[in-house]
Every structure is written in structure tokens, then in C-alpha cells.
Amino acid sequence: MPTPPLIPSVLILVPLLFFSFCTEPVIAWRPWPNQTLNKTDFIFGGSKKYEGSSEFVQLKYHMGPVLTANITVYPIWYGSWQKSQKRIIREFISSISSVDAKPPSVAGWWKTVQQYTDQTGANISRYVHIGTEKNDRFFSHGKSLTRLSVQSVIKSAVTSSTRPLPINPKSGVYLLLTSEDVYVQNFCNNVCGFHYFTFPSIVGYTLPYAWVGNSAKLCPGVCAYPFAAPAYIPQLKAVKSPNGDIGVDGMISVIAHEIAELSTNPLVNAWYAGQDPVFPVEIADLCEGIYGTGGGGSYTGQMFNGEDGATYNMNGIRRRFLVQWVWNHLVNYCTGPNALDQ
């Protein structure tokens, strides 16, 4: 079985250029030092990462299933995790369906994802909740994972002799979260997270899954940006994270990115732009690095600063988060609940 192709999440499209003398449009935001473009990147590179609408973006529905039933997220905590870190991530996931958070809210952000439908006209589910969790604190597959061994970790979680995760191929999202001392293939080099579906030959089932890593030790200046800045771009100034944990606060937006794309393109045959499903451009890819009105290029857009100096753009149940916007196919541009015109 071949290695699953990369579903680009937090994938850069061109080298990052921050200098004012650039003559080409600045369309990248994560400072990947070395990135090879694929053919989809060349097609859509000039239209990505801008808040304004773009006639070049042709996001299409390819008739595959989307997650219309109530979505259950099954976290797999791989490695060493603090209780406080788990609480931050759990609250973000729980906030997706919460109607109690004050605006702009995570639930308001999810309303854009809900607008996507399947071929029957059914919308993405409004409800996202946390299901059974699995701890793998002893690194059962080592501290360096390949894309295929990621699936093996998921297999261990669903086939465990003690408290296995439920098998839920229609509305389950299996979220593998690796701690700061775990390296996953291509981590920090050109991805901070990815999603795909498991192979029956490995796991026994076809299950939509995502992996997101904690970059606090390995590359906070890349995957936890803008809460950390890369050392080789000294003119960038980091902002204060809203929950006091740079690695986990950086993960939140990547987790949001993956859940949004898994919901609208779980088997890589539903909503995406481009002709090649191996390199799809999905609803979160189109808005990478945009957190508020005016975002695009190396500029994140308008965000909020709390009294404690922390930077965020939406509220959860009890916490604040910084989450990237997603593409709204009805108006053909990136949207978020903190847009100045909302």
C-alpha cells in the first residue's frame, strides 16, 4: 500500500517574503525555510490567502460524502500531556457547538463550515462533541512516526484490549495529537498537521482522521506562529498567546483547520478546488494565515488584544482562541465571526 498523499494543512505555497521591496504578491504566511511547490500550488498560488473574493478560486463539490450526522471527535493523546493542555484543547472542541459563548465565538466560526452540503442538500452538522478519549503515554510506536505509522497508532486505539475507541466511520473524527517530544514525518518542514482516511489493510476500517503536533520544542516559530517567531526572521515580533501555552495555542488553529476540512472532505472526494485530489485545495487551505479583516500575505488581519495583552479573535465557553478563517463558498471569500462587517 503506497504512502497516503499529503492533504495540505497549514501548507505553504511559496517562500515567505516579508520585505517591502517585493514586487510579487505576498501570499504565504508560515515561514517554511524550504518548500517545493506542486502543480496545484502553481494554479491557485496567486489566489490564495486573501480575504477578498477571488474569481480564480473554483471550489467545487465532487459528489463525495460530508459529515452531516452529529460529529464526534475522538482524541488520541500520544506521548506526554499535561492536564492543563488537555483542558485547552477539549474546551475548544466543545466550544464549536456552544451557543453560550459571547460573540465573536467559535460556534460563529463553525457556521461557515455548516453551509457546505452533500448531494442531497444536507448541511454539515451543527453538533461537534468529544467522544471517548485514548491515552498512549508510553509512545507505543516510538517518538518518530511516519505517515503510515500514524495509522498504526489509530489502529492500536480502536483495537485496544482495554477501552478501545468506538468504530464510527460515518461521523467520527479520529484526532491524533502528538506531544512536543514526538516528531512526525514532514513536521515543521512543510506541515503542522494533516488529514486523510485510514486504510482497511492497516486499521481494518476506513476512518477519517487527522494528526496535529505540538511544536513547542521542535518549531514554535513555524507551527505556533504568530505566538512565536522564527529566529531567522528577526524583524517579526511574536504576540502573546491567549491561554499561556504557545505550543497548544498554536495547535488550536491547526485542529480547527483539520476538523473543518475533514467535515467537508472526509474521503478526499467532496469539497475542494483543483483537478487533482492528490493535491486538493480545501476550505481552510484557502484562508491560511487569515485571522481577521484585512488579512493576507504575511498580515494576519484585525485581531483582538485582551486586557492581559493576549491576542485572540474568538471566544470559547470560558477561554479565548486564535483560529484562522475558512472559505465561504456562497460569497466566494474567507469569512470569520470577527469580521468588521459582521
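Extension gain for Thr132 to Ser161 (0.36 nm times residue separation, less C-alpha to C-alpha distance): 9.0 nm. For segment 112-158, a simple Cβ point-charge model (Lys and Arg +1, Asp and Glu -1, everything else neutral) yields a dipole of about 220 debye relative to the Cα centre. For segment 134-191, the ratio of Cα radius of gyration to the globular rule of thumb 2.2 N^0.38 Å stands at 1.18. Distance cut-off 20 Å, Cα to Cα: go down the list Lys102/Lys134; Lys217/Lys240; Lys83/Lys134; Lys143/Lys217; Lys86/Lys134; Lys83/Lys237 and report the pairs above it. Beyond 20 Å between Cα atoms: Lys102/Lys134; Lys83/Lys237. Close amide-amide hydrogen proximity is noted between Lys240 and Thr311, each under 5 Å apart and 5 or more residues distant or on a separate chain (H modeled in the peptide plane; Pro and chain starts excluded).
Charge tally around Ala69: other residues with Cβ under 14 Å, Lys/Arg +1 each, Asp/Glu -1 each, net +1.
Hydrodynamic estimate: the Kirkwood radius of segment 230-342 over Cα pairs, inserted into Stokes-Einstein at 4 °C and 1.567 mPa s, corresponds to D of 85 µm²/s. His195 sits among other residues whose Cβ lies under 13 Å from its own Cβ, and their net charge, with Lys and Arg +1 and Asp and Glu -1, is -3.
If you add up the charges near Gly79, with Lys and Arg at +1 and Asp and Glu at -1, over every other residue whose beta carbon is less than 9 angstrom from its beta carbon, what do you get?
-1
Taking amide hydrogens as placed 1.01 Å from N in the peptide plane, the amide H of Ser105 sits under 5 Å from those of Asn315, each at least 5 positions away in sequence or on another chain.
Every number here is computed from the coordinates shown, using simple stated rules; none is lab data. What you see is a predicted model, and the numbers here were worked out from it, not measured in a lab. Cβ: placed from backbone, ideal geometry, glycine included. Neighbour counts: every protein chain shown.
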